[in-house]
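The values are calculated or read from the model by the stated rules, or taken from the named source; none is laboratory data. Since the structure is predicted, the reported quantities are computational estimates derived from the model, not experimental observations. Glycine also receives a Cβ, built like all others from the backbone with ideal geometry; neighbour counts cover every protein chain displayed. Heavy atoms of the whole protein, side chains included, go into the accessibility calculation; ligands, DNA and RNA do not. Shrake-Rupley method; radii C 1.70, N 1.55, O 1.52, S 1.80 Å.
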Amino acid sequence: ADERGLTGMRRDPLLALARLERQALDHRRGVLVAAQGELDRLEGAVARHHAAWSEAMTLAATAEAELDLWGALSRGTRQVHDRFEAARAAQAVELGKAQAEVHASVTELKRLEVLAGRRAVRREAEAAAAARRLLDELTTLRHGRR
């Protein structure tokens, strides 16, 4: 593309919208990465608390003398596990929302880029047609003088 074509494209409002959408997409991707990281962290915590709860349940079942102690410990561990599981489920919903927003942003960006591309092609065709008309007029004038 020549300099004039690039300058004309920079002034295209569709390209400005595409640039803004690209910035929004970058932000949404950051949110998505953070949401996935938080989900991974919560899944790790759920797994750790589940293992601790399983161990406490096993000890409660095998240690008759400390049954009250291990039973209370297993209930407390289960409550912590359940809180983390609820947080994990809520984070999974947030991750789904972030994924949907990234998808919508990618779709909108592609739509704007296609529209801007079509507009640029149309403008180039119009400029070429105008140049041909001008050449035709000049040729007609030149041949008319002879």
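Tabulated values for the structure
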read-out: Cross-chain or 6+ apart pairs with Cβ under 8 Å, the stretch 11-31 first and farther than 11 Å from Glu101 by Cα, then of a type outside the set (A, V, I, L, M); value: Asp12/Arg119; Leu14/Arg119; Ala18/Glu113; Glu21/Ser105; Glu21/Glu108
read-out: The stretch 76-131, residues that are touching a residue at least 60 places away in the same chain (Cβ under 8 Å) and among the polar types (S, T, N, Q); value: Gln99, Ser105
read-out: Complete set of residues in the stretch 18-38 that are open to solvent by 90 Å² or more (accessible area, probe 1.4 Å) and either modelled with pLDDT under 95 or within 26 Å of Val121 (Cα to Cα) (or both); value: Arg19, Leu20, Arg22, Gln23
read-out: Search result, residues across the stretch 101-118 that are out of contact with any helix residue (DSSP H, G or I) (no Cβ under 6 Å at 6 or more places or on another chain) and open to solvent by 60 Å² or more (accessible area, probe 1.4 Å); value: His103, Thr107, Lys110, Arg111, Val114, Arg118
read-out: Failed condition for Thr77, given (1) of a type outside the set (Lys, Arg); (2) surrounded by 13 or more Cβ atoms within 10 Å (Cβ to Cβ); (3) under 22 Å from His27 (Cβ atoms); value: (3)
read-out: Hey, Asp82 under 28 Å from Ala116 (Cα atoms) and of a type in the set (Asp, Glu) or not; value: no
